1. Note down the relative contact order for the chain as a percent, whole number, built from C-alpha pairs under 8 angstrom at least six residues apart.
2. Could you compute the FRET efficiency for His25 and Asp4, with r as their C-beta to C-beta distance and R0 at 41 Å, rounded to 0.05?
3. Mind ranking 27-33, 6-12, 57-63 by how tightly packed they are, going by the mean number of other C-beta atoms within 10 angstrom, highest first?
4. If you line up the long axis of helix 49-61 against the longest principal axis of the chain, both from Cα atoms, how many degrees apart are they, to the nearest 10?
5. What lysines does Lys78 reach when the alpha-carbon gap must be under 30 Å and sequence neighbours fewer than 8 apart in one chain are set aside?
6. Toward the positive end of the charge dipole of the chain, about the Cα centre and with charges on Cβ (Lys, Arg +1; Asp, Glu -1), which of Cys87, Thr66, Leu23 goes farthest?
Amino acid sequence: MILDKRFIIRFISYFLLIPFLPLWHLQKLIRRNPNIWVFGSWFGHSYSDNSRALFNYVNSNHKEITAIWITRNLFIKKYLQNLGLHCHLT
């Protein structure tokens, strides 16, 4: 029997995800605030792209939403905080 590449990839990824499934269901028990939105870009190393544009749009036009930028770069954090925006280090 010849196995399709897609079948093999699905099979392997299924077994990699099994340990995380209980955590996925447990996270549903935690209450969330729909007015807090978290943004980030390039694994926390950049302040760019569409996520930056949406972050800036939400901050300018939707005061009821708390937009938070997540970064690993201390310079980005200081830059955003100097602009008066919410930013946290991971």
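Values in this text are rule-based calculations from the coordinates and carry no lab data. Only a predicted model underlies this, so the values are computations on that prediction, with no experimental measurement involved. No Cβ is skipped: glycine too gets one built from the backbone with ideal geometry, and neighbour counts run over all protein chains shown.
1. That works out to 23 percent.
2. Efficiency at R0 = 41 Å is approximately 0.85.
3. Numbers: 27-33: 6.9, 6-12: 9.6, 57-63: 12.0.
Final packing ranking: 57-63, 6-12, 27-33.
4. 50
5. Hits, sequence-local ones excluded: Lys63.
6. Of Cys87, Thr66, Leu23, it is Leu23.
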